[in-house]
Amino acid sequence: MLGLCISLVFAGAAWADTTELDGDWACPAVMQLAAIGSSQLNLQLDTRSRLHPDGRYKSEGDAVAQFGLWPLTLIATSEGQWQREEQQLTLTVEALDLSPGSPSGVELQRQLIRQITTRLPELPHTEVTRIVAESPTRLVVEHASGERYTCQRL
């Protein structure tokens with residue numbers, strides 16, 4: 001779940017050289033938070049991540065929760081560790097913070113954040129994704145669920 005949020009990017013177990021992924025990346029993702037009847041509550045993320053050569057990362061971006069016709073935009077920030085082994089990327093999220101994304105409806109946003117926070121896995125949380133395609137400016141990763149996400153180098 002959280003890995004989708006941050007399935008953004010990255011790494012493995014007997015760690016290979018990661019310098020080709022160092023730098024800034026923009027990555028979209030979708031995080032399923034709950035199924036309510038036949039509907040799902042999803043969080044759509046568009047993040048910008050800085051991958052440091054020492055295996056640390058910091059990420060920030062928009063998180064949009066769609067309630068019927070009403071999208072609610074939040075700000076998502078996270079940090080943790082990333083590493084790579086061949087075609088596998090592992091991301092360990094150590095801290096994740098959601099905050100209001102606009103000055104209107106702040107109390108509604110805070111209530112939503114409290115609800116979302118209870119549905120997130122306990123931190124630190126580790127997710128492994130597979131690199132499907134890679135170039136110097138683009139990275140396509142696939143989550144265990146089969147969802148694919150394309151990240152662009154900034």
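Couple of notes before you dig in:
- Residues being open to solvent by 100 Å² or more (accessible area, probe 1.4 Å) and not in a strand (DSSP E or B) - total across segment 107-136: 7
- Residue match in segment 75-82 (condition: open to solvent by 80 Å² or more (accessible area, probe 1.4 Å), in a strand (DSSP E or B) and either among the hydrophobic types (A, V, I, L, M, F, W, C) or under 17 Å from residue 21 (Cα atoms) (or both)): no
- Considering residues of segment 142-154 that are closer than 17 Å to residue 59 by Cα and among the hydrophobic types (A, V, I, L, M, F, W, C) only, the residue nearest to the chain's Cα centre (by Cα): 151
- Look at segment 95-115: where a residue is within 20 Å of residue 46 (Cα to Cα) and a partner is modelled with pLDDT of 90 or more and among the charged types (D, E, K, R), sitting 6+ places away or on another chain with Cβ atoms under 8 Å, you get 95/79; 100/110; 101/62.
- When residues in segment 23-32 are screened for being modelled with pLDDT of 90 or more and either of a type in the set (Asp, Glu) or open to solvent by 10 Å² or more (accessible area, probe 1.4 Å) (or both), 3 of them pass.
- Complete set of residues in segment 87-106 that are modelled with pLDDT of 90 or more and either among the charged types (D, E, K, R) or open to solvent by 80 Å² or more (accessible area, probe 1.4 Å) (or both): 87, 88, 94, 97
- Which numbered condition residue 79 fails, given (1) under 16 Å from residue 30 (Cα atoms); (2) free of Cβ contacts under 8 Å to residues at least 40 places away in the same chain: (1)
The values are calculated or read from the model by the stated rules, or taken from the named source; none is laboratory data. No experiment lies behind these values; they were computed from the predicted model shown. So basically every Cβ, Gly included, is an ideal-geometry build from the backbone, and we count neighbours across all protein chains shown. Remember, those area values only see protein heavy atoms, side chains included, never the ligands or the DNA or RNA. Shrake-Rupley method; radii C 1.70, N 1.55, O 1.52, S 1.80 Å.
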